[in-house]
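In what follows, a structure is listed as structure tokens, so that the remarks can point back to it.
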Amino acid sequence: MRYLASAAMFLLAACTPASAFGPQVREASLEDLRQNAPEGRLSGIAQPLAYRVDMNVDPRETHFSGHVSIDVALEAAATGIWLHGDDLNVSSVQVTAGSESRPGTWTEVDPTGVVWLGFPNRVRPGPVTLTIDYTAAFDENLAGLFRVEEQGEAYALAKSESIQARRYLPGFDEPVFKAPFDISLTIPAGMEAIGNTPVASRVPARAGYETVTFLRTRPLSTYLLSIAVGNFDRVPAGMIPPNEYREWPVPLTGYARKGKGQEIEYALSITPAMIEFFEEALRQPYPYDKLDIIAAPQWPSGATELAAAVTYRESRILSNSKSGARFLRGLKGIHAHELSHMWFGDLVTPPWWNDLWLKEGFASWAEPAVLGALEPEGGHDVGAVADAIGAMRLDSLASARAVAEPITKNSDIRNAYDSITYNKGLAVLNMVDAWFGPDVFRPALGQYIAEFADESADSEDFFRVIGEATQRPELGRALQSFVHQNGVPLVQAELQCAESGAKVALRQSRYRPLGSSIDPDRSWVIPVCLSWREGDLTGRACSLMESGHAVVPLTGATCPDVYHPNAGGTGYYRFTFTGPGWDKMVRAMPSLEAGEALSALDSGTSAFSAGEIGAATLRQLLASAGQHENPVVVGSVLEAYSDLLSQFSGDVPEGLEADALALSDLLREQIAVGPANPELVSALDQFDAFYLRRPDVRTSLASRMDAYLADPSADAGLSSDLYSAGLSALLEDGGMPAFERVLAAYTEIDDPILGQSVATALSKVSDPEQAAMVRDLISSAELGPRETYTLAAGQMAGTATQEETWAFLTANFPAFLKAIPTQWQRNTPRLARSFCDEGGLAALDALFAEYGDLAEGHERALAETREKIQLCIASKAETEGDLIAAFAAP
């Protein structure tokens, strides 16, 4: 409605004959502009109504050019307006008001791309058209409109999210400003051009070029724009047929770089069912005229939900006969995530980045929702619990963000893209969905989509609509309490037995690990559910915990043998016990539901990290959890043993190694009699090879990788899930000849997953000569921006390579920042996250005191990394002796 009202004002005012230009104005000085430039959101005095964009894009060249006209509703008299453009060489600006056009000025004021477009005269409120001509260089670090070369072919792609559209298009680069786009691209003849809408026409232009014009888009935010040009393989996949919610068929097409079209067919094959799931669950149609699935040769993130032109890093969406089970699970997950964005984010858009969770949290929640419906036996619900636990690890920091954290500066926007937004958002929505029921929650989501289609909506809009649609205001209160404050709730449970019936007394606080500055005095509105077992009887009891204390009757029980304070593991909270609860939980672990076992494992290890239980209880908990039949639970136990083994740089306690070996032997016995979960087999192979150092497993991995490198088309018995492990085994035993061979495979074998695995394996070498070669690769950045960061991060994580790598990075930090993806520069403090002493903390502080200004938005990562180092120091001092004593004997 806001768009329609502004457009009507534009048309009516355009008929007014009086001049819209007032008195001439003095051009503002750069100093004055810098003092007044918005650091975050624009004022909103100018509302874009429509864009007409003509661009010349030739990926074989170094530069591109553009001509854009923007119809704007000026809501107050002004001498100019703030908008966005980043490193654009603007040659002409025309300001048209009424029937007059006059030249304007273009001044880029802020390094985040904030621009002052000055008017020659004060312009009265009403319709204004801005016409801008410009050129710019293709970006070299996967930001904005960038170019890449793969296998002799050049491709140009636009990475617009979150504030990178301004690198190739002047405009209003904020999500709240939604407007339709008319886009034409002049490109080399014969190349593919991919936009947000179907192609309307393709006609010859100058010699050797064609102009491709796309149909007008629905109102879009700039971060959703798609521009892709190159010799892509085009893979038509037919039509997604109409259904009761959509009357029209949707053409489905895949795009991959030349020669890779066949490898996108699997992703295309699973797409219609996912689209239909969302349409049925939301009772809302797919909103666009077509759907393209694009495998980008290079992409800074895993994928981006460009409207109707979803774009993925090719190593996340292309598959072949060697694709492993874990990879395929990830492919399906990221695909479900991105498709959900067509509704959550694209059709209904958060107005500003502090409400990013309204698209990313929902898309993360949608992954297990859609996959669980399509693959009921796939264990996706257990995966959602594991993802929630991953968010809790970050949320345990005092410096953790809230899900909806205020963002006041452009430089802080990318910090919202973290586990809190994605996985805590998933967890909170999953908790509410499970507690209130899908039949209550999901139809309300559809009403939210219908009310704000083609517009923007913030958290308060969402809470209001959900409360009204469900007639359950407590649902909104629960969501708000988790979205607007950081931290993990800790629910302390005390079982009270009586002949009249058992009950559990609950008390909540904020979880606080050893050494933390967190104030535990905090409360949430928590949907709590408990499960219990007494003899042959089982039960479940739920309560909405709206204060610091609650008592939950266990109807039907007098004194349960065991009870679990987080039934199903779907609650976003940790728990602990008053009394003998942990002893009973340890004994019950193998028989718990998988989600409950994961929740208990996390709560137990976290209780140890908080000093609530000792290492002896922790040892019993891990041994018992290792008996569970679910592969996700057992995989989490392997991760816990990996973490413990990594804590000891010297001699590992004999009992710890014995326990880990006993679990490995047990799993090997189970695998031998089958059937075996392939994801667990891969995880076990890596655990045995690199934590237990089992020579038979290492030899097998190296041998299979050797066979694969010799003939990638042959069946070497090695899935893509083990590429990295196989390469690492080969590197450890093969010296420099193996290093040269693995490095050559990066370019000689055209497999995106192998290429990514090569970078990962090289990042983990510890041999001094090999490590020196890795530093040379970081310096040259010859493997690419993402891979350069991967190499540095892996070398910093290794105890044998950390010191020399840090010295290298410190000496070359400005050059390193220029070599990695632009949006990753803010993450560079996290390279020091393996430090665990005061010297490392001081070194981190010194590096960013000197170079922090070059890593825009690094402050959040620096605060979190500093806190992690401090917590590591405190934990080591408090728990190392206890661990050594508890794990001393087998």
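Figures for the structure shown
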item: Approximate spin-label separation ALA842-ARG442, in nm, with each point projected 7 Å along Cα-to-Cβ; result: 5.8 nm
item: Contact order relative to length of segment 613-732, as percent, for alpha carbon pairs under 8 angstrom and 6 or more apart; result: 20 percent
item: Accessible-area order (highest first, 1.4 angstrom probe) of the listed residues ASP767, ASP733; result: ASP733, ASP767
item: Residues of type lysines that LYS178 reaches as a straight line, Cα spacing below 16 Å, ignoring anything fewer than 8 places off in the same chain; result: LYS359
item: Residue (of TRP106, GLN94, ASN141) at the positive-pole extreme of segment 87-203, dipole from beta-carbon charges; result: GLN94
item: Projected label distance in nm at GLU31 and THR810, using a 7 Å step from Cα toward the beta-carbon; result: 3.9 nm
item: Simple spin-label estimate for ARG60 and ALA325 in nanometres, 7 Å along Cα-Cβ; result: 4.8 nm
item: Rg over Rh [alpha-carbon atoms, Kirkwood Rh] for segment 316-355; result: 1.19
item: Backbone HN-Hα couplings from phi across segment 532-547 [Karplus 6.51/-1.76/1.60, Hz, Gly and Pro as x]; result: 8, 9, 9, x, 8, 8, 10, x, 8, 9, 10, 7, 8, 8, 9, 9
item: Exposure of ILE389 as accessible area (Å², to 10), given a probe of 1.4 Å and all protein chains; result: 20 Å²
item: Distant alpha-carbon pairs in segment 766-890 (separation over 17 angstrom), percent; result: 59 percent
item: Reachable aspartates and glutamates, given that their alpha-carbon falls under 12 Å from the alpha-carbon of LYS332 and they are not under 8 places away in the same chain; result: GLU367, GLU375
item: Between segment 792-814 and segment 581-639, the Cα center-to-center distance that results, in Å; result: 35 Å
item: Cα-based helix-to-principal-axis angle, 768-780 vs the chain, degrees rounded to 10; result: 20 degrees
item: Segment 697-854 shape via C-alpha gyration tensor axes, a/c threshold 1.5; result: prolate
item: Between segment 197-257 and segment 421-459, the alpha-carbon center distance in angstrom; result: 30 Å
item: Scattering curve values for segment 483-564, log₁₀ I(q)/I(0), Debye with Cα scatterers, q = 0.26 Å⁻¹; result: -1.19
item: Cα gyration tensor shape for segment 144-270, rounded if a/c is under 1.5, else prolate or oblate; result: rounded
item: Solvent-accessible ranking of LYS876, LYS260, largest area first, probe 1.4 Å; result: LYS876, LYS260
item: ³J(HN,Hα) computed for each position of segment 191-201 - Karplus, 6.51 cos²θ - 1.76 cosθ + 1.60, integer Hz, glycine/proline x; result: 6, 7, 10, 10, x, 7, 9, x, 6, 8, 7
item: Table column - 3J(HN,Hα) (Hz), segment 637-642, Karplus curve with 6.51, -1.76, 1.60, x for Gly and Pro; result: 5, 4, 5, 5, 5, 4
item: Value at 222 nm in deg cm²/dmol, rounded to 500, when DSSP H runs of n ≥ 4 in the chain each add -39,500 (n - 2.57); result: -13000 deg cm²/dmol
item: Rg(Cα) / (2.2 N^0.38 Å) computed for segment 308-396, rounded to two decimals; result: 1.17
item: Extension reserve of the GLU474-GLU629 stretch, reckoned as 0.36 nm per residue once the Cα distance is removed; result: 52.1 nm
item: Cα-centre dipole for the chain with unit charges at Cβ (Lys and Arg positive, Asp and Glu negative), debye to 20; result: 1700 debye
item: Members of LYS260/LYS764; LYS322/LYS818; LYS159/LYS818 lying beyond 23 Å, as alpha-carbon distances in this model show; result: LYS260/LYS764; LYS322/LYS818
item: Dipole magnitude of segment 669-821, debye to nearest 20 (Cβ charges: Lys/Arg +1, Asp/Glu -1, about Cα centre); result: 420 debye
item: For segment 350-480, size of Cβ-based charge dipole, Lys and Arg +1, Asp and Glu -1, in debye; result: 380 debye
item: Segment 601-737: projected area of the alpha-carbon convex hull, averaged over directions, in nm²; result: 9.5 nm²
item: Angle between the chain longest axis and helix 838-851 axis [Cα atoms, degrees, rounded to 10]; result: 0 degrees
item: Which of LEU514, LEU727, LEU374 is most accessible, then next, and so on - probe 1.4 Å; result: LEU374, LEU514, LEU727
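The values are calculated or read from the model by the stated rules, or taken from the named source; none is laboratory data. If you're wondering where the values come from, they're calculated on a predicted model, not measured in any experiment. Backbone-built Cβ (ideal geometry, glycine too); neighbour counts: all protein chains shown. Side chains included, ligands, DNA and RNA excluded: accessible areas come from the protein's heavy atoms. Shrake-Rupley method; radii C 1.70, N 1.55, O 1.52, S 1.80 Å.
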